[in-house]
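In what follows, a single structure is set out as structure tokens and then discussed.
The values are calculated or read from the model by the stated rules, or taken from the named source; none is laboratory data. Treat the numbers as computed from the prediction; the structure is a model and nothing was measured. Glycine gets a Cβ as well: all are built from the backbone with ideal geometry, and neighbour counts include every protein chain shown. The protein model used for the area step is the full one, side chains on, heavy atoms only, and it has no ligands, DNA or RNA in it. Shrake-Rupley method; radii C 1.70, N 1.55, O 1.52, S 1.80 Å.
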Amino acid sequence: MAIRHLAFAAAAVIAFGTAATAQEKLRLGTEGAYPPFNFIDSSGTVTGFDVEIGLALCAQMGVECEVVAQDWDGIIPGLLAKKYDLIIASMFITEERKSQVAFTDPYYTAAMAHVAPKESGITEFTDEAMSGLVIGAQSGTTQANFVEVAYPSADIRLYPTQDEVNLDLASGRLDLQVGDMLPLLDWLNNTDDGTCCEIIGEPITDAQYVGDGVGIAVRQEDNELREKLNAALEAIRADGTYKTINDKYFPIDVFTMKASS
């Protein structure tokens, strides 16, 4: 969608509770280009599963929230530069990232997947089998790290956004892509472009790449905020708020990757 290529200068502001003060305001950083987790809707509002979970956590904590869209490649630098107070953008918890930021407990489970055009004939997932194939991934992601390590003999192409990876796969400019499994399932099942393609092979669950799940990132010195977010996450899981948001976007409970009860 063309709107994804715009520079986002404005923020969507949503307030919860009359008790919130200016000092209690939190700025939530997200990408805005990773549906259904975070995206810009037809009205120009940043929304999606990540955003709704973030706003629910703010409501649980009784604070005012501001949602800030930030390109993925600059999302950790933006947090460290204090452009926002936390990142909720489907970020895998990895050892490399933990050297820069601190993470909350996971708010959903992570897995990656290979996606190829239907009847691609790709059945082997070795560097030798991928030699000469054109493989895409979003730059700055663990998916990009995976393809660069696993398939160095392939022609690897990295893109600023997941939408651009999907577009080039649907247009026949890629033989294969590796991406986060849940957004890819949404693209395959709920878009016209996605009918071109299918998940092949087994899910990629190597902790080296998908880490310990998907967490909210905060600055390393903000341990009090991290603990408050963990408590709020536990509370919205217990009171059904999480399930309501989950079921709006997914047919399974993404916290456990099991059927939603």
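Taking (1) modelled with pLDDT under 95; (2) open to solvent by 30 Å² or more (accessible area, probe 1.4 Å) in turn, residue 110 satisfies each apart from (2).
How many residues does region 41-57 contain that are touching a strand residue (DSSP E or B) at 6+ places or on another chain (Cβ under 6 Å) and open to solvent by less than 40 Å² (accessible area, probe 1.4 Å)?
Keep residues of region 41-57 that are touching a strand residue (DSSP E or B) at 6+ places or on another chain (Cβ under 6 Å), which gives 41, 45-46, 48, 50-51, 54-55.
Add one more test, that the residue is open to solvent by less than 40 Å² (accessible area, probe 1.4 Å), and what stays is 46, 48, 50-51, 54-55.
Count: 6.
For region 234-253, give me each residue that is of a type in the set (A, V, I, L, M) and at pLDDT 95 or above. If you could, list the steps in order and put the result at the bottom.
Within region 234-253, the first condition is being of a type in the set (A, V, I, L, M), and the residues that meet it are 235-236, 238, 245, 252.
Once the filter is applied, which keeps residues that are of a type in the set (A, V, I, L, M) and at pLDDT 95 or above, region 234-253 yields 235, 236, 238, 245.
Within the option set 13, 101, being out of contact with any Ser or Thr (no Cβ under 9 Å at 6 or more places or on another chain), modelled with pLDDT under 95 and among the hydrophobic types (A, V, I, L, M, F, W, C) holds for one residue only, 13.
When you go through 139, 171, 153, 131 one by one, which is the residue that is under 20 Å from residue 73 (Cα atoms), open to solvent by 10 Å² or more (accessible area, probe 1.4 Å) and at pLDDT 95 or above? Show your work before the answer.
Values: 171 fails: under 20 Å from residue 73 (Cα atoms); 153 fails: under 20 Å from residue 73 (Cα atoms); 131 fails: under 20 Å from residue 73 (Cα atoms).
Just one listed residue meets the conditions, 139.
Filter region 174-195 down to the residues that are open to solvent by 40 Å² or more (accessible area, probe 1.4 Å) and not acidic (Asp, Glu), then identify the one that is farthest from residue 248 (Cα to Cα). Looking at residues that are open to solvent by 40 Å² or more (accessible area, probe 1.4 Å) and not acidic (Asp, Glu), I get 195.
If residue 96 meets every condition in (1) assigned to a loop (DSSP other than H, G, I, E, B); (2) open to solvent by 20 Å² or more (accessible area, probe 1.4 Å); (3) free of Cβ contacts under 8 Å to residues at least 60 places away in the same chain apart from one, which number is that one? (1) is the only condition that residue 96 fails. Figure legend. Inter-residue proximity from region 224-245: first residues open to solvent by less than 30 Å² (accessible area, probe 1.4 Å), second residues among the hydroxyl-bearing types (Ser, Thr, Tyr), beta-carbon distance below 6 Å, spacing 6+ or different chains. Indicated pairs: 229/104; 230/104; 233/107; 236/242.
Taking the criterion of being open to solvent by less than 20 Å² (accessible area, probe 1.4 Å) and under 17 Å from the mean Cα position of the chain (by Cα), the residues of region 58-73 that qualify are 67, 69.
Among the residues of region 16-37, is any modelled with pLDDT of 95 or more, of a type in the set (Val, Ile, Thr) and outside any loop (DSSP other than H, G, I, E, B)? So far as region 16-37 goes, yes, one or more of its residues are modelled with pLDDT of 95 or more, of a type in the set (Val, Ile, Thr) and outside any loop (DSSP other than H, G, I, E, B). Residue check: is residue 205 free of Cβ contacts under 8 Å to residues at least 12 places away in the same chain and either more than 30 Å from residue 86 (Cα to Cα) or surrounded by fewer than 16 Cβ atoms within 10 Å (Cβ to Cβ) (or both)? Taking the combined requirement at face value, the residue does not satisfy it.
Within region 116-163, if we keep just the residues that are in contact (Cβ under 8 Å) with a residue 60 or more places away in the chain and of a type in the set (Gly, Ala, Ser), the residue that is farthest from residue 181 (Cα to Cα) turns out to be 120.
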